[in-house]
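Notes follow the structure.
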Amino acid sequence: MRWPSYGLNRRRWSGVALVVVVALLGCVTTGFATRNARSAEQRYAAQLMDRYTSDLSRAITTQIQRYGETLVDVSLALGAQSDLAAGDFTWITNKISNRHLPGATSLRYVVSTPESGIAALQSYWRTRGSPGLKLQPAAVTGEEHAFAVFTRSFNGEPVVAGTDLSADPEAAETLREAYAAGGLAVSRAYVLPKDKELPAAAQQLSFVFAVPVYRIGGTFRGWLIMGVHGQELLTATLRTQAHGAVTVELDDPTDPGARTIATSGRPAADYSPALDRVATAVAGRRTWELKVHPTERLLRETDRGIVTTTFVVAMTIALLLTTLVALLTGARNRAMGKVDTATAALRGDIERRQKVETRLRERELELKRMALHDPLTGLANRAGLDARLTETVGAHADVAVLLIDLDGFKLVNDVHGHAAGDAVLTEFAQILLAGVRTGDLAARIGGDEFVVLVTGVPDADQAVAAAQRILAVAASTPVRVGEEVLPVRASIGVATSRPGDTPKELLRRADIAMYQAKHLGTHGVQLHDPSMTDRRAADAQLGEDLAGALERGELHVLYQPLVDLTDSRMVGAEALVRWHHPRLGVVPPAQFIPIAERSGTITEIGLFVLETACLQGAEWNNCYVSVNLSPRQLQEQTLVADVLDVLARTGLAPERLVLEVTESALVDESAGIAKLRAFRDHGIHVAIDDFGTGYSSLHYLTRLPVDILKIDRSFVAELNGTPEGSGITEAILRLSQVLHLTTVAEGIETAEQAAELQLLGCGIGQGYLFARPLSPAELNELLVSPSRQPSSPS
């Protein structure tokens with residue numbers, strides 16, 4: 001009779017023991033989870049502190065670098081002036097203000113002299129635009145004086161010229177450091193002498209930034225220094241980057257007074273010292289120390305209640321598990337085991353079915369993608385484009401198609417190989433993907449042909465603007481293949497939808513517009529116009545005729561004089577090729593030159609024009625001859641040798657030859673700039689034709705090996721005697737003066753334009769006012785005229 005009771009007690013106590021074990025495990029697990037949650041919150045706070053510290057250090061260093069780069073740019077511009085005057089200083093520093101450089105108080109140009117040279121120095125700078133300058137030497141013995149001769153104030157407080165900075169120990173030390181380092185130097189934080197007169201509450205620690213100024217040849221000229229209020233400079237940066245989550249102390253370890261430069265925020269009252277961070281920020285040759293502490297806001301952000309929540313949830317789960325274990329005993333456990341087994345089998349079957357269905361869907365999507373997308377670029381293919389056009393055209397009235405053809409792509413494949421061509425295609429596809437909006441479509445429909453389908457276009461101007469943005473990004477994103485840099489250039493035809501349009505008709509109009517863009521010149525956009533006709537067949541025939549035109553003697557060279565605007569004397573002539581077609585008559589250069597570029601015959605034609613012009617120029621006395629080089633010629637490896645051979649055969653001196661290139665031809669550094677440097681090394685002059693209409697930036701222009709800027713006729717046509725009409729032309733002339741370049745104005749048609757150009761400082765011009773393109777005989781007759789004595793080109 002005891003066995004059943006014994007068995008029942010045993011099962012009961014076994015259940016009790018199991019409940020106790022589960023409860024203990026729940027408590028242990030709860031403690032472990034709570035500790036991990038607390039550690040996670042502390043790690044999160046530490047990560048935030050690291051991020052804020054890194055951001056603050058980088059922001060301060062970047063701000064200091066911005067000041068240094070501004071001073072270096074201004075010092076280079078001052079050093080480039082052959083005879084620096086107060087007007088040059090004012091003009092160069094005109095754009096600088098404390099709105100862009102917070103904290104900047106003044107800018108001074110400083111020169112040094114010994115005691116014996118003070119009077120001479122004062123007299124010299126008075127003649128350079130500072131008639132009231134009075135040098136005020138300090139009582140410094142055994143050292144040179146450093147006087148501020150030109151000054152500019154940014155905060156409205158007057159800055160007196162003539163102050164001797166050698167009396168300011170911090171400023172004098174900074175000048176010596178800048179001279180020794182040859183670059184930016186920053187002083188210790190101190191109160192500027194002029195600020196010491198302010199009330200103590202208004203005084204703040206400041207800095208002196210200094211850079212040396214050198215002449216173009218490398219001779220030391222002086223210093224450019226800027227006073228900067230430290231609190232205004234740094235507090236804004238610290239407050240912006242700190243976001244109220246941290247407080248910051250910025251110290252200069254080299255300061256004997258160990259003063260804090262700037263602070264931002266108030267630290268938390270109670271936090272772990274492990275959250276404190278120390279970083280450095282570089283200022284010139286100084287290294288500042290950045291101490292970062294957390295604020296109450298950061299502690300509140302990192303205290304997300306995870307610890308409490310984890311404890312409550314874990315304890316609840318433990319209690320629930322304990323209750324369930326107490327209930328699930330004996331037969332119920334066995335029954336639940338059977339249920340678990342059946343459930344696991346069913347779950348496994350469901351998972352297998354889901355995997356099969358997932359693989360089928362993925363395969364279906366992959367097949368669909370392969371059918372509708374180009375495998376090389378990942379863009380839609382012709383089938384994908386047709387499907388989208390069918391859906392869109394007719395259903396929407398605001399549709400535009402951009403048909404794009406890469407310029408010179410065949411030459412890339414021929415010269416650099418198909419791998420380079422694939423790289424250009426892939427890079428251009430990425431440009432399109434980055435530029436199209438959600439809902440628009442980019443597709444590749446041929447070897448180097450692409451289409452962009454744009455919806456939601458209210459008018460044609462926006463479609464043209466989208467095409468121009470694509471060209472701008474492509475021009476600024478060359479493709480690097482090994483050591484070569486290949487430009488990405490294209491011609492784009494734009495067509496907008498009309499009532500009753502079909503996809504085929506819309507594409508046809510875009511194709512006609514694209515061909516018109518390619519015909520007018522590379523890297524351009526053309527909007528379809530009803531007057532446009534499909535000229536491809538006619539241009540193909542014209543290209544065949546052009547291939548033999550040189551052998552048949554159909555090409556001739558005319559010369560348009562370049563004259564000195566002061567007395568209309570001829571100083572040179574530009575060689576211009578003309579084609580007399582036996583059936584069509586005179587074919588305009590704008591019609592056959594693009595065909596020659598695409599077919600490659602431009603190289604042979606260009607050498608013919610060069611040799612003919614050099615032979616003619618050798619007969620002139622001291623006049624130079626100017627010959628155009630096409631972008632295709634600049635890609636020829638033998639161009640430099642071919643030009644030198646022509647000079648040797650014709651006997652023309654290299655300095656009497658000017659080679660003209662367009663701005664767009666110089667975008668590709670690898671293709672042309674090295675050759676232009678080689679030309680200049682041999683004494684040949686280089687000119688940029690149609691300046692202001694291409695892609696050159698001012699920074700890029702300073703590195704180009706050029707001697708002459710030719711102002712485009714479109715800017716000359718704007719001259720009307722008003723500042724607005726002459727603004728661009730005057731800016732180009734000023735730029736050429738700073739860079740020591742000769743300027744030539746094109747397309748002068750009236751005496752008023754010539755007079756205004758002469759007043760603006762342009763020396764040479766050409767245009768119908770002086771002469772149309774002339775034959776060699778007509779030009780020789782002009783040269784022998786007593787009133788037109790030639791002069792040197794430079």
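The values are calculated or read from the model by the stated rules, or taken from the named source; none is laboratory data. All figures in this text were calculated on a predicted structure; none of them were measured in a lab. All Cβ positions, even for glycine, are placed from backbone atoms using ideal geometry, and neighbour counts span all protein chains on display. Heads up: the accessible areas ignore ligands, DNA and RNA and are worked out on the full protein's heavy atoms, side chains in. Shrake-Rupley method; radii C 1.70, N 1.55, O 1.52, S 1.80 Å.
Of all lysines in the structure, the ones whose alpha carbon falls short of 16 Å from that of residue 518, not counting any fewer than 8 places away in one chain, are 410.
Across the stretch 243-303 the C-alpha pair distances fall into 10 Å bins from zero in the proportions 22, 46, 24, 7, 0 percent. The translational diffusion coefficient of the chain, from Stokes-Einstein at 25 °C and 0.890 mPa s with a Kirkwood hydrodynamic radius over alpha carbon pairs, comes to 72 µm²/s.
The angle between the Cα long axis of helix 503-520 and the main principal axis of the chain comes to about 50°, on a 0 to 90 degree scale. The Cα center of the stretch 381-406 and the Cα center of the stretch 53-72 differ in position by 48 Å.
Could you tell me the calculated FRET efficiency between residue 520 and residue 243, based on Cβ-Cβ distance and R0 = 56 angstrom, to the nearest 0.05? Spell out each step's value before the answer.
Working: r = 53 Å, r/R0 = 0.95.
For R0 = 56 Å, the calculated efficiency reads 0.55.
When DSSP assigns beta bridges and you keep just the ones with both residues in the chain, what percent turn out antiparallel, to the nearest 5? Don't skip to the end; give the middle numbers.
Details: 82 of 109 bridges.
Of all bridge pairs located within the chain, approximately 75 percent are antiparallel.
Add +1 for every Lys or Arg and -1 for every Asp or Glu among the other residues with Cβ under 11 Å from the Cβ of residue 530, and state the total.
On the way: positive: 498, 509; negative: 529.
Within the 11 Å Cβ shell, the charges total +1.
Surface calculation, 1.4 Å probe, protein heavy atoms: residue 437 sits at approximately 120 Å² accessible. Rounded to a whole number, what is D in µm²/s for the stretch 438-542 from Stokes-Einstein with the Kirkwood radius over alpha-carbon pairs (4 °C, 1.567 mPa s)? The calculation lands on 86 µm²/s.
In terms of solvent-accessible area of protein heavy atoms at a 1.4 angstrom probe, what is the ranking of 778, 449, 554, highest value first? Can you show the working numbers first?
On the way: 778 95, 449 55, 554 15 Å².
Result of the area sort, largest leading: 778, 449, 554.
Here the stretch 532-622 is described by how far its Cα atoms reach on the three principal axes: 49, 30, 23 Å, from widest to narrowest.
When only Cα pairs below 8 angstrom with a gap of at least 6 residues are kept, the chain shows a relative contact order of 8 percent.
Since only 122, 15, 78 are under comparison, the one whose Cα sits farthest along the positive direction of the charge dipole of the chain, derived from C-beta charges on Lys, Arg, Asp and Glu, is 15.
Please name whichever of 565, 513, 385 sits farthest to the positive end of the charge dipole of the chain, dipole taken about the Cα centre and charges placed at Cβ: Lys and Arg +1, Asp and Glu -1. Selected residue: 385.
If packing is taken as the mean number of other Cβ atoms within 10 Å per residue, what is the order of 77-85, 709-717, highest first? Walk me through the numbers before you get to the answer.
Working: 77-85: 16.3, 709-717: 20.8.
The peptides rank, most packed first, as 709-717, 77-85.
Given axes a ≥ b ≥ c from the Cα gyration tensor, I'd like to know whether the stretch 589-646 is rounded (a/c under 1.5), prolate (a/b larger than b/c) or oblate. It would help to have the intermediate numbers written out before the result.
Values: a/c = 2.73, a/b = 1.58, b/c = 1.73.
Oblate.
Placing unit charges on the Cβ atoms only, positive for Lys and Arg and negative for Asp and Glu, gives the chain a dipole magnitude near 5060 debye about its Cα centre.
Helix-only arithmetic for the chain: the sum of -39500 (n - 2.57) across DSSP H runs with n ≥ 4, divided by the residue total, places the mean residue ellipticity at 222 nm at -15500 deg cm²/dmol. Under the criterion of Cα pairs below 8 Å and six or more residues apart, the relative contact order for the stretch 401-543 equals 27 percent.
Going by accessible surface with a 1.4 Å probe and the largest first, 322, 750 read 750, 322. Estimated at the nearest 10 Å², the accessible area of residue 249 is 60 Å² with a 1.4 Å probe. For the pair the stretch 621-653 / the stretch 435-487, the C-alpha centres are spaced 36 Å from each other.
Using the average count of surrounding beta-carbon atoms within 10 Å as a protection proxy, the listed peptides 113-124, 342-353 rank, highest first, as 113-124, 342-353.
If R₀ is 56 angstrom, what is the calculated FRET efficiency for the pair residue 469 and residue 138, using the beta carbon separation as r and rounding to 0.05?
In this case the efficiency is close to 0.45.
The residue list 314, 348, 325 was ranked by how far each Cα lies along the charge dipole of the stretch 307-363 toward its positive end, using unit charges on Cβ atoms, and 348 comes out on top.
Computed from the alpha carbon atoms alone, the convex hull of the stretch 335-464 holds 173 Å³ per residue. Within the stretch 157-212, none of the chymotrypsin sites (Phe, Trp or Tyr not before Pro) combine a DSSP coil assignment with at most 14 other C-beta atoms in a 10 angstrom radius. Any chance you could check the Cα centroid distance between the stretch 142-193 and the stretch 285-322 for me, in angstrom? Cα centroid to Cα centroid, the span is 50 Å. Our Cα-only numbers for the stretch 394-485 put the radius of gyration and Dmax at 14.5, 49 Å. Surface calculation, 1.4 Å probe, protein heavy atoms: residue 684 sits at approximately 0 Å² accessible.
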